[in-house]
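Asks: Got a structure here, written out as structure tokens. Questions coming.
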Amino acid sequence: MIEASCHCGNIKITVPETTETVTSCNCSVCSKYASLWAYFTPKEVEITTTKNAVASYCWGDKTIEFHHCNNCGCLTHYTPTKLGNKNKMAVNFRLVNASIVKSLKTRYFDGADTWAEIK
């Protein structure tokens, strides 16, 4: 079991196991957040929050909604909107133990131009 948490602990995320890769995207939003995305199905992810802890932001094609802590500001995860892929969400692995992240391969994704993996 892998646990992620925002800085203040208002948002806690648990996934059953780690992944082999994380993704660094260079789109206009992800490049500013500096997130490392690990992908799961929504059924695999457990999110626990305190009251009014989460705020959301949606941009561009409106297929994903970015969630962050209302208190400390950490970007924690994104979920699909009605327009997005209902079987895929992402957890920001910058919020898990650093030793776990170091053991994973980082994929680079060109979300700014080509929507293809960068070799």
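Asks: Excluding Thr21 itself, calculate the net charge of residues whose Cβ lies under 15 Å from the Cβ of Thr21, where each Lys or Arg counts +1 and each Asp or Glu counts -1.
Replies: Surrounding charge for Thr21 is +3.
Asks: Summing -39500 (n - 2.57) over the DSSP H runs of n ≥ 4 in the chain and dividing by its residue number, what mean residue ellipticity at 222 nm do you reach, to the nearest 500 deg cm²/dmol?
Replies: So the helix-based figure for the chain works out to -1500 deg cm²/dmol.
Asks: Report the net charge of residues surrounding Asp110, where surrounding means a beta-carbon distance below 13 angstrom and charges are Lys +1, Arg +1, Asp -1, Glu -1.
Replies: Numbers: positive: Arg107, Lys119; negative: Asp113, Glu117.
In short, 0.
Asks: Let me ask something additional. Scan the chain and report its longest stretch carrying no chymotrypsin sites (Phe, Trp or Tyr not before Pro) that are both in a DSSP loop and have at most 12 other Cβ atoms within 10 Å.
Replies: On the way: sites that count: Trp59, Trp115.
Between the exposed loop sites, the longest stretch runs 1-58.
Asks: Using only the alpha carbons, work out the radius of gyration and Dmax of the chain in angstrom.
Replies: Calculated on Cα positions, Rg and Dmax stand at 13.6, 42 Å.
Asks: Expressed as a rounded percentage, what relative contact order does the stretch 2-118 have, with Cα pairs under 8 Å and six or more residues apart?
Replies: It comes to 31 percent, rounded to a whole number.
Asks: Residues of the stretch 29-54 with backbone nitrogen within less than 20 Å of a virtual label 7 Å along the Cα-to-Cβ line of Thr106, please, listed as ranges.
Replies: From the stretch 29-54, the list is 29-40.
Asks: Follow-up question, since we're still on this one. What is the sum of charges, Lys and Arg at +1 and Asp and Glu at -1, for the other residues whose Cβ falls under 12 Å from the Cβ of Glu44?
Replies: So the surrounding residues net to 0.
Asks: With springs connecting C-alpha atoms under 10 Å apart, model the chain as a Gaussian network and identify which of Ser103, Ser35, Ser56 has the largest mean-square fluctuation.
Replies: Its mean-square fluctuation being the largest, the pick is Ser103.
Asks: In the structure displayed, which of Lys12/Lys51; Lys43/Lys119; Lys32/Lys105; Lys32/Lys119 lie more than 23 Å apart, Cα to Cα?
Replies: Pairs exceeding the cut-off: Lys43/Lys119.
Taken together, the values in this text are just the output of simple stated rules run on the coordinates, not laboratory data. Being a predicted model, the structure only gives us computed values, none of them experimental. Positions of Cβ are backbone-derived with ideal geometry, glycine not excepted, and every protein chain shown enters the neighbour counts.
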